[in-house]
């Protein structure tokens, strides 16, 4: 049910299964937390992240004296190879606890923080052309300080060959990180987050249907049912309501027994009482977990409660499914090999898998940021895709030696190798 996906460049390394595995190479990203990923049928895209202990990593980590990864990587799920698409001088600066979403060829980035955390959050919205990312990174320096561009300032701001700030107007949210972003094009919904000092549970909607994005604040601070402000929660959407899962503050983690909901039509908060797993009850309160939605099911993985400030942290390795249809929790018998939090995950329908990359864990008493890619099968995948996985496992790094036409591999699959 759970598989480690090894980059082909390190598949023969006997140390590759160690959770703290960190080869000194430039062919793949190093272990990180606070990044975000999205997954398509062919690729995993990872943007940003943080690792405070890798002082020996001599590419972007020391470029400005801090280990914040201003990088956009793509992992080809067929060839199992990483490719650096954009680097330090063109990636926007606020790429920790940000949010990303994909629509067509476009990758959208909203919010996030640089270092020091909480001193440099943003409310800027960027757009990135994934088709242009097939070309090498330009090396152009980012000439933007990360503030939101209002419509009366400039119509379009060019950051590099790929990144652009989207002009916006209306009720522009305050700078934040640790929020959630839900894309239901042409609308974008933002829930919660923190400035670094103040936590909120505000709900904003951005309309991207026109030449200029328009923000509207949907929630009301006077709503008595509005939940306590939080960050590093997760959000699901059924077309009518937003569902908020967990989250917390620096010290607290919030319950998953009752789920806060926000109706986008009435702009009112509500509470959904959930039904427990008959054997395992409800998931424990947590933050910094991941949730992936597939149709009306939400898959929750890992997380943490407590704070390192008092050494009272509980790390989670469990995997749960929540049904938006009947509000019932189900706990999987399989768990991660180690607890994980501050990781990022996305669901790949064609394979029926949750794909997880990175995160923080505990290993031999030390705090470790991992570079593992995990595949967790929780649904039935496409038979063709499952067969293709077997072919990829067999070929490994010998694609240049293989005549795919002779093997009868469909062109639709051959294009996955050529990305």
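The values are calculated or read from the model by the stated rules, or taken from the named source; none is laboratory data. What you see is a predicted model; the values in this text were computed from it and never measured. Positions of Cβ are generated from backbone atoms using ideal geometry, with glycine treated the same way; all protein chains shown enter the neighbour counts.
Can we say residue 59 is outside any loop (DSSP other than H, G, I, E, B), at pLDDT below 90 and more than 25 Å from residue 362 (Cα to Cα)? No.
Given the structure, is residue 342 touching a residue at least 24 places away in the same chain (Cβ under 8 Å), crowded, with 19+ Cβ neighbours inside 10 Å and within 24 Å of residue 259 (Cα to Cα)? Yes: the conditions hold for residue 342.
The sole residue among 397, 393, 403 that is in contact with a helix residue (DSSP H, G or I) (Cβ under 8 Å, 6 or more places away or on another chain) and either in a strand (DSSP E or B) or surrounded by fewer than 18 Cβ atoms within 10 Å (Cβ to Cβ) (or both) is 397. Note on the range 193-210: among residues that are touching a residue at least 40 places away in the same chain (Cβ under 8 Å) and assigned to a loop (DSSP other than H, G, I, E, B), the one that is surrounded by the fewest Cβ atoms within 10 Å (Cβ to Cβ) is 197. Among the residues making up the range 17-36, a single one is touching a strand residue (DSSP E or B) at 6+ places or on another chain (Cβ under 8 Å) and farther than 27 Å from residue 97 by Cβ: 17. Number of residues in the range 121-138 that are buried (at least 19 other Cβ atoms within 10 Å of the Cβ) and either over 21 Å from the mean Cα position of the chain (by Cα) or modelled with pLDDT under 90 (or both) equals 3.
For the range 406-419, filtered to residues that are part of a loop (DSSP other than H, G, I, E, B) and surrounded by 10 or more Cβ atoms within 10 Å (Cβ to Cβ), the residue that is nearest to the chain's Cα centre (by Cα) is 419.
Comparison of 17, 41 shows that the only residue that is within 30 Å of residue 415 (Cβ to Cβ) and either in a loop (DSSP other than H, G, I, E, B) or at pLDDT 85 or above (or both) is 41.
Restricting attention to the range 235-263 and to residues that are more than 19 Å from residue 326 (Cα to Cα) and under 21 Å from the mean Cα position of the chain (by Cα), the residue that is surrounded by the fewest Cβ atoms within 10 Å (Cβ to Cβ) turns out to be 250. Among the residues examined, residue 289 qualifies as within 21 Å of the chain's Cα centre (by Cα), within 24 Å of residue 337 (Cβ to Cβ) and either surrounded by fewer than 16 Cβ atoms within 10 Å (Cβ to Cβ) or in contact (Cβ under 8 Å) with a residue 40 or more places away in the chain (or both).
Every residue, every condition in (1) under 22 Å from residue 230 (Cα atoms); (2) crowded, with 21+ Cβ neighbours inside 10 Å, yes or no:
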{"residue": "301", "(1), (2)": "yes, yes"}
{"residue": "304", "(1), (2)": "yes, yes"}
{"residue": "349", "(1), (2)": "no, no"}
{"residue": "363", "(1), (2)": "no, no"}
{"residue": "369", "(1), (2)": "no, yes"}
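Among all positions in the range 316-325, there is at least one residue which is surrounded by fewer than 15 Cβ atoms within 10 Å (Cβ to Cβ) and over 22 Å from the mean Cα position of the chain (by Cα). In the set 334, 361, only one residue is within 30 Å of residue 286 (Cα to Cα) and not in a strand (DSSP E or B); that residue is 334. Of 190, 172, all but one fail to be at pLDDT 85 or above, assigned to a loop (DSSP other than H, G, I, E, B) and in contact with a strand residue (DSSP E or B) (Cβ under 9 Å, 6 or more places away or on another chain); the exception is 172. Name the residues in the range 211-222 that are assigned to a strand (DSSP E or B) and buried (at least 16 other Cβ atoms within 10 Å of the Cβ), would you? 213, 214, 215, 217, listed by residue number.
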